[in-house]
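The values are calculated or read from the model by the stated rules, or taken from the named source; none is laboratory data. These numbers come from a predicted model, not from an experiment. Cβ placement follows ideal geometry from the backbone for every residue including glycine, while neighbour counts extend to all protein chains displayed. Ligands, DNA and RNA are excluded from the accessible area calculation, which covers all protein heavy atoms including side chains. Shrake-Rupley method; radii C 1.70, N 1.55, O 1.52, S 1.80 Å.
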Amino acid sequence: MEFSYEVKDSYAEVKADGRLNMVSAPKLREFVTDVIAGGSNRIVVNLENTAFMDSSGLGALIGCLKAARQAGGDLRIAAVQPQVKMVLQLTSMDKVLTSYTSAEEAFSND
Amino acid sequence: MTRFWTRLVVVLTIITGVNYIAWRWAASLNWEAWWIALPLVIAETYSLIDVMLFGMTVWRLKIRKGAPTPPADATVDVFITTYNEDLDMVMTTALAAQRIRHPHSTWILDDGARPELKALAEQHGLGYVTRSEDWTSNVPRHAKAGNLNNALMQTHGEFLLILDADQIPEPDILEKTLGYFNNRRVALVQTPQYFSNVPASDPLGSQAPLFYGPIQQGKDGWNAAFFCGSNAILRREALMQLGLVGYVKETEKSIRRALAASRSAIKQARKSADVEAPLVAQVLDEVEAATREAQQELEAGGALSEITYRVRRRVDAAVQTLVMADVEALQADLEEIAAMELAHVGESGVPVVADDAVQRMSARDWSPLGALESVQAVLDALSVERNDEAQPVMPLATISVTEDMATAMRMHAMGWESVYHHEILAYGLAPEDLKTMLTQRLRWAQGTIQVLLRENPLVQKGLKIGQKLMYFATMWTYLSGYAAVIYFAAPIIYLLLGILPVTSLSWDFFIRFIPFMVANQLLFAVAGRGIPTWRGQQYSLALFPTWIKACSTAARNVWFGRPLGFAVTPKARQSGGPSWSLIQPQIVVSVLLAVAAVVGILRLAAGLAEPLGTLVNVAWVIYDLVVMSILVRAVLYKGYEPAGDPAVTEREPDGV
């Protein structure tokens, strides 16, 4: 799994490419914590190239959400792929993490 | 009476042969020229073993008197296998099959899944089968064996008549053969393969009268008649038994392999820095304990399905604990978020992850354990579903491109009996050009060598010694390419360089060699009973590059998993002019032989060579050139022209 981020006007976009699983989940957590520590508390996780997510991956996303909120910001997700979408719906996490079609859209209304 | 004479000549051949070869090893080797002396005596020993195996085959020549009356209610499926053959050809065969008198269902097994053929089949009330959806792109297709295995799952006749797309059956083919199955142990009845598009001169050596004659009749005598892929009737029960036994064997093998691999997979997973969480380590412990227990149960002879089920249950429980822990952590995070700012988490409070969601997240395809690929691979292999094949039960053997030989050998090993019925009951089409013919011979040879290397008949449990040797004999003949090279090299070396592989060409040599040669030729004459065997003899020597290529490609395939370069034999003639390039090695060898003969005669004239040695070697060269001359006719052969050819024989009531 590969992570990268880019600071945009009103938010930071984190890209997570590959499989978000037990092995890569702690790395995502770490990565996002670093981005927040770097001063961005409005985070969009772009899941366009995340083909798969397991329970650990989901846990990591929620963990990142918590970190963003604690920093007074928010975490949103974008471009969710089918398997990830199924996981979100199945666990009702779609109620907590709304997914936007693209990263630009995620914070466009506020 | 024939049997007596045959056996007498067999004994004579073996006595004279052993006498000659023993002397060759003991007293004749020219050690100064060991580099040709040794290969030559090895090649000669190879040929002696070859002729001994042939002698053993015809020793028990079985001439059957015809089958008893079959039960009228025996149910039969007639399978016509096709991939890309001309639709007219397939339909001609299919309609002829439909006209077979004994009640039966006719099926076209279309591996090409051609809609036109499907329509034609429906129009004529014929069954039509293509691969089921289980044959995805992730599993091997196994060519013709796969086609037949697929059809076996979709039909249910007690017996199966298998026909290649070009083999037009006689209406009485089943009446003549089904009766053999009155013997409950008989699993196979093979009839000859005969080709109607071959002139009397048979320039491509298509007819195999020695094989579909004394050799099969001899193998029949040892209960080892071969299944040759077409024109044969099989007992479904035997095939299914074969498939089931094979399934259990393969499953056990893959489970053993998986268990053997599990220790290092788990170790590797533990080492990887990614896995630090104590829960993951716990799951790995559990997996290790489960596989160790499975190993013990396997040694104790436990049932495979139960062993694998228990492993799966245990691992599933551990994985579920892991997922639960993830979910609990996630839930705790949500609670914290909610405590921070109530309004943001949704209208109905913190969402709760339901039990069935946990179940789903723990299933194999979404399991967190999937991240540890090596461990997951071991667990996947610990299954009885055989996910790497389209169907768990594969009745026809898939270890070789000549599935027929491998299948028959397994049947024989399980104690089933076979019958060779020596009467032409189907008429096929032989290749009409050298290129196609060479492809076909290469494929047969490759398949045979694959079986030798994968399931050597000599070490197969269940086969009787005679059966082992009957299978081995056929495989042995395909090694002849290497001997041929030495047989060509020896006279060239003598005629060019004057180096003789034997100490002297004296009385000692001739008195041993000539009786063996005579007995050998006599054996073929007596066993062949007037059958033209010359064409076969020519091709067995002349196609030496094909045999060598078959051995090397099959060995690479079996030992190193390299592809064979397999091609379906085209039934239609390949276009284009004479293709001399196909026989390039043979042309080179022939030129060398001819040059050597001329040089040898010049050396004799110059007093540099002995007369006797030159004479013997020039005669040898002439024999080789006569043998290879058939290739010139083969290259120039323009295909079959039926007009005015008397070779389209009537059905011969031979033997039966």
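Label zone of B:Leu602 (point 7 Å out along Cα→Cβ, amide N under 12 Å): in segment B:473-498 this covers B:496.
Taken along the Cα-to-beta-carbon direction at a fixed 7 Å, the label points for B:Asn182 and A:Asp17 span 7.5 nm.
Counts of other chain beta carbons within 10 angstrom of each beta carbon in peptide B:332-338 average 5. Helix content alone sets the calculated 222 nm mean residue ellipticity of chain B: runs of n ≥ 4 DSSP H residues at -39500 (n - 2.57) each, divided across all residues, give -18500 deg cm²/dmol. Could you let me know the centre-to-centre spacing of segment B:379-408 and segment B:178-199, using Cα atoms, in angstrom? Distance between centres, Cα-based: 26 Å.
For B:Ser506 and B:Lys464, compute 0.36 nm times the residue count separating them, minus their Cα-Cα distance, and round to one decimal in nm. Spell out each step's value before the answer.
Values: separation 42, 0.36 × 42 = 15.12 nm, distance 4.34 nm.
Stretched out fully, the B:Ser506 to B:Lys464 stretch lengthens by 10.8 nm.
Relative to the longest principal axis of the Cα atoms of chain B, the long axis of helix B:434-454 lies at roughly 60 degrees. With Cβ to Cβ distances under 13 Å as the rule, what net charge do the other residues near B:Ala597 carry (K, R +1; D, E -1)? Local charge sum for B:Ala597: 0.
Would you kindly state how much longer the chain becomes between B:Glu373 and B:Val632 on full extension, computed as 0.36 nm times their sequence separation minus their alpha carbon distance, in nm to one decimal? Walk me through the intermediate numbers first.
On the way: separation 259, 0.36 × 259 = 93.24 nm, distance 5.85 nm.
Answer, rounded to one decimal: 87.4 nm.
In whole percent, what relative contact order does chain B give with Cα contacts below 8 Å and a gap of six or more residues? That works out to 22 percent.
By the scheme Lys and Arg +1, Asp and Glu -1, what is the net charge of all other residues having a beta-carbon under 15 Å from that of B:Trp135? With Lys, Arg at +1 and Asp, Glu at -1, the net is -2.
Looking at chain A alone, DSSP beta bridges between its own residues are antiparallel in about 30 percent of cases.
Can you give the local net charge around A:Phe3? Use residues other than it whose beta-carbon is closer than 12 angstrom to its beta-carbon, Lys and Arg +1, Asp and Glu -1. Walk me through the numbers on the way to the answer.
Values: positive: A:Lys15, A:Lys27, A:Arg29; negative: A:Glu2, A:Glu6, A:Glu13, A:Asp17, A:Glu30, A:Asp34.
Neighbourhood net charge equals -3.
If you line up the long axis of helix B:304-340 against the longest principal axis of chain B, both from Cα atoms, how many degrees apart are they, to the nearest 10? That works out to roughly 40 degrees. Structure note, pairs B:Lys435/B:Lys549; B:Lys249/B:Lys461; B:Lys461/B:Lys549; A:Lys27/A:Lys66; A:Lys66/A:Lys95; B:Lys219/B:Lys468: Cα-Cα distances above 18 angstrom occur for B:Lys461/B:Lys549. For segment B:228-359, the share of accessible area belonging to carbon and sulfur comes to 54 percent (1.4 Å probe, ligands and nucleic acids excluded).
Beyond 22 Å, what share of the Cα-Cα pairs of segment B:455-543 is found? Please give it as a whole percent.
On the way: 2082 of 3916 pairs.
Here the tail beyond 22 Å accounts for 53 percent of pairs.
The heavy atoms of A:Lys27 offer some 90 square angstrom of accessible surface to a 1.4 angstrom probe. Is the shape of segment A:25-110 best called rounded, prolate or oblate, per the rule: a/c under 1.5 gives rounded, else a/b larger than b/c gives prolate, else oblate, with a ≥ b ≥ c the square roots of the Cα gyration tensor eigenvalues? Judged from the Cα gyration tensor, segment A:25-110 comes out oblate (a/c at least 1.5, b/c at or above a/b). In percent, rounded to a whole number, the relative contact order of segment B:183-247 is 48, using alpha-carbon pairs under 8 Å and six or more apart.
Kindly identify segment B:416-457 as rounded, prolate or oblate by the Cα gyration tensor criterion: order the square roots of the eigenvalues as a ≥ b ≥ c, call it rounded if a/c is under 1.5, otherwise compare a/b with b/c, prolate if a/b is larger, else oblate.
Verdict is oblate for segment B:416-457.
Within the full protein context, the accessible area of B:Trp476 is estimated at about 40 Å² for a probe radius of 1.4 Å.
When chains A and B come together, the accessible area they lose, probed at 1.4 Å and totalled over both chains, is close to 2400 Å².
What shape does the protein assembly as shown have by the C-alpha gyration tensor, where a ≥ b ≥ c are the square roots of the eigenvalues, rounded means a/c under 1.5, and otherwise prolate means a/b greater than b/c and oblate the rest?
prolate
Bridges between two residues of chain B, per DSSP, are antiparallel at a rate of about 30%.
Using R0 = 35 Å, the C-beta based FRET efficiency linking B:Ala300 and B:Ala26 works out to 0.05.
For the pair B:Ser132 and B:Ser105, the difference between a 0.36 nm per residue extended length and the Cα-Cα distance amounts to 7.8 nm.
How high is the relative contact order of segment B:230-368, given as a whole-number percent (alpha carbon pairs under 8 Å, six or more residues apart)? The partial results should precede the final answer.
On the way: 66 pairs, mean separation 26.2, N = 139.
In percent, rounded to a whole number, it is 19.
Quick one: if the Förster radius is 60 Å, what FRET efficiency do B:Ala72 and B:Arg312 give, using the C-beta to C-beta distance and rounding to 0.05? Spell out each step's value before the answer.
Details: r = 50 Å, r/R0 = 0.83.
E(calc), rounded to 0.05, equals 0.75.
The calculated FRET efficiency for the pair A:Ala37 and A:Ser92, based on their C-beta separation and a Förster distance of 35 Å, comes to about 0.70.
The 1.4 Å probe gives accessible areas that order A:Tyr5, B:Tyr212, largest first, as A:Tyr5, B:Tyr212.
At 1.4 Å probe size, with every protein chain present, just tell me what the per residue accessible area of chain B comes to in Å².
Details: 29630 Å² over 656 residues.
On a per-residue basis, 45 Å².
Over the residues of chain A, the helix contribution to mean residue ellipticity at 222 nm works out to -11500 deg cm²/dmol, using -39500 (n - 2.57) for each DSSP H run of at least 4. Axis angle, to the nearest 10 degrees, between helix B:143-152 and the longest C-alpha principal axis of chain B: 60 degrees.
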